[in-house]
Amino acid sequence: MSVILAVDTSSAACSAALKVGDKLFERFELTPKAHTRLVLPMIESVLEEAGLSLSDVEAIAFGRGPGSFTGVRIATSIVQGLAYGADLPVVPVSTLAALALQVARQEVGSLELLCAIDARMNEVYWAAFQYDEGELSIISEERVTKPDRLPELANNRSARRLGVGSGWQYSDEFPAWVGATTAKVYADIEPRAAEIALLGASAFEGGHGVSAQVALPVYLRDEVTWKKLPGR
């Protein structure tokens, strides 16, 4: 029975979840700019509800991005600290994959999920996934692009194509093929730790845990710059 702790602060939402075998405990709150204050109490709360402590956890998963730069850094630093102190492996999980799984769990049948997160500066973080018989797989690489530059995908006619994520606010700018092939859109959802836990557990069982020191965020945008301190 795997015990996986999960955290996500990559968006306006803050959440923590604990997967204990087939049971899932979660805390979720839509609270922009309150992540630092809420995330540790959420972690303590799910552990308490399950009657466990951090010493019972086998691995910690976190939403490694893409998403809010500040939010992704918060989750990374919290998880690195907990994992380093408890000598636990870490499983970085794509927030785009977490969004895809969140919608797939609500739907039935074979699905293609076009996931887009608002990246600001009139850009979107983008990836496409296939969901079939309970298995989620990526079918296009994660990238950041202008809304009108989404790469065309071969349409799998046996799968229903769904749009997912906050990036769909730019849908009027998406290429014509997107609207023509998308059956339904879930725009008003945020990544959740519940799906981070599920994906993290699968990755951990597949041997994909890493040490805290190399559990790094994914921003996608290469031009992120850091101001140097005077004299550096």
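Read the figures in this text as sums done on the coordinates, not as results from a lab. Every value quoted in this text rests on a predicted model; they were computed, and no experiment measured them. Counting neighbours? That spans all protein chains shown, and the Cβs are built from the backbone with ideal geometry, glycine included.
Volume per residue of the convex hull around the Cα atoms, evaluated for the chain, comes out as 132 Å³. Put the Cα centre of the stretch 28-82 next to the Cα centre of the stretch 83-132 and the gap is 17 Å. How far apart, in nm, are two points set 7 Å out from the Cα along the Cα-to-Cβ line at Asn122 and at Trp177? Between Asn122 and Trp177, the label points sit 2.3 nm apart. Residues of the stretch 50-73 falling in the label zone of Met1, defined by backbone nitrogen less than 17 Å from a point 7 Å along Cα to beta-carbon, are 50-59.
Let me spell out the model: positive unit charges on the Cβ of Lys and Arg, negative unit charges on the Cβ of Asp and Glu, origin at the Cα centre of the stretch 49-187. What dipole size does that give, in debye rounded to 20?
Values: 11 positive and 17 negative charges, 75 e Å.
Dipole size: approximately 360 debye.
Close amide H partners of Val185, meaning residues 5 or more places away or on another chain with modelled amide H under 5 Å apart, are Gly163.
Taking the alpha carbon gyration tensor of the stretch 3-110, multiplying each eigenvalue by 5 and rooting it gives semi-axes of 20, 18, 13 Å, largest first.
Counting Lys and Arg as +1 and Asp and Glu as -1 over every other residue whose Cβ lies under 12 Å from the Cβ of Thr182, the net charge comes to +2. Taking 7 Å steps out from each Cα toward its Cβ at Lys23 and Ser110 produces label points 3.8 nm apart.
Please give the net charge around Ile43, taking every other residue with its beta carbon less than 12 angstrom from that of Ile43, where Lys and Arg add +1 and Asp and Glu add -1.
Value of the local net charge: -4.
Its Cα centre serving as origin, the chain has a Cβ charge dipole (Lys and Arg +1, Asp and Glu -1) of approximately 760 debye.
Once you divide the Cα radius of gyration of the stretch 95-186 by 2.2 N^0.38 Å, the number left is 0.97. Given their separation in residues at 0.36 nm each and the Cα-Cα distance between them, Thr31 and Lys184 gain 52.4 nm when the chain is fully extended. Taking the DSSP beta bridges with both ends in the stretch 106-230, the antiparallel portion is around 65 percent.
Approximating the spin labels as points 7 Å out from Cα along Cα→Cβ, the Phe69-to-Glu49 distance works out to 3.4 nm.
Rounded to the nearest 500 deg cm²/dmol, what is the calculated helix-only ellipticity per residue at 222 nm for the chain, with -39500 (n - 2.57) per DSSP H run of length n ≥ 4?
The helix contribution divided over the chain gives -8500 deg cm²/dmol.
By the gyration tensor of its Cα atoms, with a ≥ b ≥ c the square roots of the eigenvalues, what is the shape of the stretch 64-104: rounded for a/c under 1.5, prolate for a/b over b/c, or oblate? Judged from the Cα gyration tensor, the stretch 64-104 comes out oblate (a/c at least 1.5, b/c at or above a/b). Count charges around Leu199 for me, please; just the other residues with Cβ under 13 Å from its Cβ, Lys/Arg as +1, Asp/Glu as -1. Combined, the nearby Lys, Arg, Asp and Glu give 0. Of the residues Ala159, Ala61, Ala127, the one that moves most in a GNM of the chain with alpha-carbon contacts below 10 Å is Ala159.
Annotation: peptides 72-83, 142-153, ranked by per-residue average of other Cβ atoms within 10 Å with the highest first, follow the order 72-83, 142-153. Evaluating 6.51 cos²θ - 1.76 cosθ + 1.60 at θ = phi - 60° for every residue in the stretch 17-27, the Karplus couplings come out as 8, 9, 9, 10, x, 8, 8, 10, 10, 9, 10 Hz, glycine and proline recorded as x.
Subtract the Cα-Cα distance of Glu141 and Ser211 from 0.36 nm times their separation in residues, and report this length gain in nm to one decimal.
Residue separation times 0.36 nm, minus the Cα-Cα distance, leaves 22.8 nm.
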